[in-house]
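Asker: This is the structure I have questions about; it appears just below.
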Amino acid sequence: MNSVLLACGRDKSREALTGLLVTSDFSQVTVAENGSEARRMLLAADYDLIIIDAPLPDEFGHDFALYAAENTASGVLILAKAELADSVAAKAEDYGVAVVAKPMNRQLFFQAVKLVTVSRRRLLGLRDENLQLQKKIEEIRLVDRSKYALMQYLKMTEPQAHRYIEKQAMDLRITRREVALNILKTYEV
């Protein structure tokens with residue numbers, strides 16, 4: 001966790017939160033004074049954590065939080081007044097946005113930040129696993145299509161086609177995917 005985007009409209013809060021973040025493990029803290037500036041910053045860079053001190057001068061902040069949660073892989077945390085925290089949480093938590101009631105102490109702030117960072121790390125791990133599984137499924141489909149082409153054009157049985165692809169991959173020292181692509185280039189127009 002290195003980079004933080006802090007969206008905060010009040011100078012006093014901005015200084016306090018920046019001071020807290022700089023003293024911990026965050027090497028880069030970028031500050032936006034309103035929601036529209038924060039959105040522009042999201043387009044320009046990726047952040048590990050986004051903290052929104054609601055309300056912002058141009059919006060409350062939960063719309064920006066939902067936007068950030070849907071369009072980035074950042075952990076998102078909203079700081080809202082105690083009387084509004086429950087209603088903000090009801091709107092935001094389904095999107096993976098954490099909400100902390102203000103006023104808060106230093107320990108609660110760091111616990112919330114830690115919780116968001118751990119959740120983000122878990123989410124990124126699951127996303128990577130999902131991508132790997134999708135690639136594996138794509139490879140299986142490709143190999144199956146190439147087996148079908150071998151069965152159709154060379155009158156091989158399914159075990160013979162499978163063995164052919166495996167043997168080609170071993171003999172040529174290429175992946176089954178590459179063998180399948182070569183077969184499909186040959187037999188499919």
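The values are calculated or read from the model by the stated rules, or taken from the named source; none is laboratory data. Small disclaimer: the values here were computed from a predicted structure and weren't measured. Neighbour counts are summed over all protein chains in view; Cβ atoms, including those assigned to glycine, are modelled from backbone coordinates with ideal geometry. Ligands, DNA and RNA are stripped out before the accessible areas are found, and what is left, the full protein with its side chains, is counted by its heavy atoms. Shrake-Rupley method; radii C 1.70, N 1.55, O 1.52, S 1.80 Å.
Asker: Where in segment 57-105 are there GluC sites (Glu not before Pro) that are in a DSSP coil and have at most 13 other Cβ atoms within 10 angstrom of their Cβ?
Answerer: Nothing satisfies the criteria.
Asker: If Lys and Arg each add +1 and Asp and Glu each add -1, what is the summed charge of the other residues whose beta carbon sits under 13 Å from the beta carbon of residue 19?
Answerer: Numbers: positive: 12, 14, 106; negative: 11, 15.
Overall, the nearby charge balance is +1.
Asker: Another question, if that's okay. Would you mind classifying segment 28-80 by shape? Square roots of the alpha carbon gyration tensor eigenvalues, ordered a ≥ b ≥ c; an a/c under 1.5 is rounded, otherwise it is prolate if a/b is larger than b/c and oblate if not. Walk me through the numbers on the way to the answer.
Answerer: Values: a/c = 1.45, a/b = 1.28, b/c = 1.13.
Because its axes are fairly even, with a/c under 1.5, segment 28-80 counts as rounded.
Asker: Using alpha carbon centroids, what distance separates segment 118-189 and segment 1-71, in Å?
Answerer: Centre-to-centre distance over Cα atoms comes out at 44 Å.
Asker: If one puts a single equal scatterer on every Cα of segment 79-160 and applies the Debye formula without solvent, what log₁₀ I(q)/I(0) results at q = 0.15 Å⁻¹?
Answerer: -0.70
Asker: Check which residues have an amide H placed less than 5 Å from residue 7's amide H, if you skip close sequence neighbours.
Answerer: Result for residue 7 returns 32, 51, 52, 53.
Asker: Before rounding to the nearest 500, sum -39500 (n - 2.57) across all DSSP H runs of length at least 4 in the chain and divide by the residue total; then give [θ] at 222 nm in deg cm²/dmol. Could the numbers behind the result be given before it?
Answerer: Values: 7 runs with 119 residues, N = 189.
Counting only the DSSP helices, I get -21000 deg cm²/dmol.
Asker: Could I ask something else about it? Keeping all protein chains in place and using 1.4 angstrom, which order do 183, 137 fall into by accessible surface area, from largest down?
Answerer: Details: 183 15, 137 85 Å².
Putting 183, 137 in descending order of accessible area: 137, 183.
Asker: Here is a further query. Tell me which lysines have Cα within less than 22 Å of residue 12's Cα, excluding those fewer than 8 residues away on the same chain?
Answerer: Excluding near neighbours in sequence, the set is 81, 102.
Asker: If the viscosity is 1.002 mPa s and the temperature 20 °C, what translational diffusion coefficient in µm²/s does Stokes-Einstein give for the chain when Rh comes from Kirkwood over Cα pairs?
Answerer: Working: Rh = 19.7 Å.
So the translational diffusion coefficient is about 109 µm²/s.
Asker: While we're looking at this one, here's another question. List the lysines whose Cα sits under 29 Å from the Cα of residue 185, skipping any in the same chain fewer than 8 residues away.
Answerer: 135, 136, 147, 155, 167
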